[in-house]
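Heads up: the structure comes next, in structure tokens.
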Amino acid sequence: MCSSDLWQTQGGVKLEQLIFDYGVWKSVSLARQQVEAAERDLEITRLDTAQNSIQAYISVLQGRELLRVQKENMESTRNHLGIARVRMEEEVGSREDVLRLESEYKGALSSVIQAVFDMKKASLEFNQVLNRPQESPFRLEDIGPGNGGVASAFFTARVDALI
């Protein structure tokens with residue numbers, strides 16, 4: 001055989017490895033940012049709900065306290081009116097005092113009615129914030145150092161946990 005009859009064989013292997021793909025990196029990065037944004041939105045919603053429920057609860061407490069004060073004022077005015085009537089009957093007091101106190105009593109009664117309305121409105125708003133039925137009753141308990149023990153504003157752990 002001659003040297004020109006030699007066979008030559010050639011072969012090759014080509015390997016490619018993708019080190020960086022901008023399109024994939026961008027998609028993964030955007031997906032991560034969307035998840036983080038959704039988590040932030042959820043936290044913002046939780047905080048907004050907590051803030052709204054606290055503000056509504058404070059409105060209920062303010063309404064209750066205003067009602068208590070208005071009732072005390074009405075009782076005081078009623079007592080003064082009774083005294084003024086007795087004084088007028090004994091001819092020690094004047095009719096003007098009685099008329100003035102009657103007017104004050106009617107104003108105090110009007111204030112009590114308004115305070116009852118305001119308390120009811122605050123209660124409805126509170127129930128709405130907590131996604132409870134509007135007319136669903138709840139019982140406020142006086143919480144303070146004199147009561148002792150663990151105090152709950154509503155006697156239900158579910159509502160306390162929400163607040």
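Please find the FRET efficiency linking residue 37 to residue 110, where r is the Cβ-Cβ separation and R0 is fixed at 41 Å, and quote it to the nearest 0.05. Computed FRET efficiency for residue 37 and residue 110: 0.20. Note on segment 1-116: semi-axes of the ellipsoid equivalent to its C-alpha gyration tensor, largest first and rounded to whole Å, are 98, 8, 6.
Loop-resident GluC sites (Glu not before Pro) (DSSP state other than H, G, I, E or B) in segment 54-104 with no more than 16 further Cβ atoms inside 10 Å of their Cβ: 90, 91. Excluding same-chain neighbours fewer than eight residues apart, the lysines reachable from residue 71 by a Cα-Cα span under 21 Å are 106, 120, 121. Cross-link partners for residue 14 among the lysines, with Cα-Cα distance under 30 Å and sequence neighbours closer than 8 places in the same chain left out: 26.
When the solvent-accessible area of segment 10-111 is split by element, carbon and sulfur atoms take up 54 percent of it, the probe being 1.4 Å. Taking trypsin sites (Lys or Arg not before Pro) across segment 81-140, the ones in a DSSP loop with at most 15 further Cβ atoms lying within 10 angstrom of their Cβ are 139.
The values are calculated or read from the model by the stated rules, or taken from the named source; none is laboratory data. From a predicted model like this one, the values you see are computed outputs, not experimental measurements. Positions of Cβ are generated from backbone atoms using ideal geometry, with glycine treated the same way; all protein chains shown enter the neighbour counts. The area values use the complete protein model at the heavy-atom level, side chains included, leaving out ligands, DNA and RNA. Shrake-Rupley method; radii C 1.70, N 1.55, O 1.52, S 1.80 Å.
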